[in-house]
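Below: one structure, written as C-alpha cells.
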Amino acid sequence: MSSSNKSQSAVRIEPWGEGDLDILKKTLGDPAMTRFVGGPESDEQLIKRQAKFERIAEEGTGRMFKIIDVATGEAAGSVGYWDSIHNGEEIYEAGWFVIPAFQGKGIAGAATALAIARAREDGKHRFLHAFPSVENPPSNALCRKLGFTLVEECEFEYPKGHFMQCNDWRFDLLAGD
C-alpha cells in the first residue's frame, strides 16, 4: 500500500452538521489558523458560516465536510467545495483547514483527495480551483501534490474586503487519475 493510500484510509469525511461549530471556532476563529486569510472571524461570523455550511449541500451549491481522524474518531478540520465564478467561468472553489494538533500527518491531502472525488461525482463543473496565499507553503505544496495545475498568481478577495496575493491552482475533474 502506498503512503497516500495509508493517509486516505486514516481519514474520512462526513457531511457538515449542526454540531460542528466547534470545528469552525478551532480553525476560522483562531488567529494562527487564519493568518493567510485575513485573520479570525468573530463569533457572529462563525455562527453565520455554520448555518451556511449546514445548507450548502441541500441548496446544490457545493458540499462541506468535517474531517474525521479514523484513529481517534476526533474531528480534525474541514474540507469542501462550492460554486464560484472565476475569470467569467463557473467553477468549484475548494478550501480546507486542519486543526493544529492534526497537522503534518497527511490529513489535509487525504481529506482533500476525498473531496475532489466527491466533486468529480457531482459532475457539475469541469474545474475545481484552490486559491492559497502565495505566503502559504503547505497549501501550495498540497495543491502540487494532489495534481492541481498552477495557472497564475492573482489578487483574490477573501474574506470580503481583504485582498491577498494567491496562486490560482486548477484541477481538471474530467481528467483521468
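The values are calculated or read from the model by the stated rules, or taken from the named source; none is laboratory data. Owing to the predicted nature of the structure, the values given are computational and were not obtained by experimental measurement. Reconstructed Cβ throughout: ideal geometry from the backbone, glycine too, with neighbour counts over all protein chains shown.
Some observations on this one:
- Failed condition for residue 32, given (1) at positive phi; (2) surrounded by fewer than 20 Cβ atoms within 10 Å (Cβ to Cβ): (1)
- Selection count, the stretch 118-151, where residues are at pLDDT 95 or above and on the phi > 0 side of the Ramachandran plot: 1
- Criterion applied to 95, 80, 123 was being loosely packed, with under 13 Cβ neighbours inside 10 Å and either over 13 Å from the mean Cα position of the chain (by Cα) or not basic (Lys, Arg) (or both), and the one residue passing it is 123.
- Looking at 77, 88, 38, just one residue is small (Gly, Ala, Ser) and free of Cβ contacts under 8 Å to residues at least 24 places away in the same chain, and that residue is 88.
- Look at (1) under 16 Å from the mean Cα position of the chain (by Cα); (2) surrounded by fewer than 17 Cβ atoms within 10 Å (Cβ to Cβ); (3) without any contact (Cβ under 8 Å) to a residue 40 or more places away in the chain and you find that residue 55 fails only one, number (1).
- Odd one out for residue 40, checked against (1) under 16 Å from the mean Cα position of the chain (by Cα); (2) modelled with pLDDT under 95; (3) not aromatic (Phe, Trp, Tyr): (1)
- Of the residues 52, 25, 48, 105, the single one that is at pLDDT below 95 and among the charged types (D, E, K, R) is 105.
- Residue that is over 20 Å from residue 138 (Cα atoms) and in a strand (DSSP E or B), where the choices are 85, 56: 85
- Residue ranges of strands (runs of 3 or more DSSP E) in the stretch 114-177 with at least 1 members of a type outside the set (A, V, I, L, M, F, W, C) and more than 25 Å from residue 29 (Cα to Cα): 149-157, 163-172
- Residue check for residue 116: surrounded by 14 or more Cβ atoms within 10 Å (Cβ to Cβ) and either touching a helix residue (DSSP H, G or I) at 6+ places or on another chain (Cβ under 7 Å) or closer than 20 Å to residue 174 by Cα (or both): yes
- Scope the stretch 27-86; condition farther than 20 Å from residue 104 by Cβ, among the small types (Gly, Ala, Ser) and touching a helix residue (DSSP H, G or I) at 6+ places or on another chain (Cβ under 8 Å); matching residues: 29, 62, 80
- If you filter the stretch 99-110 down to residues that are outside any helix (DSSP H, G or I) and free of Cβ contacts under 8 Å to residues at least 60 places away in the same chain, you find that the one that is surrounded by the most Cβ atoms within 10 Å (Cβ to Cβ) is 103.
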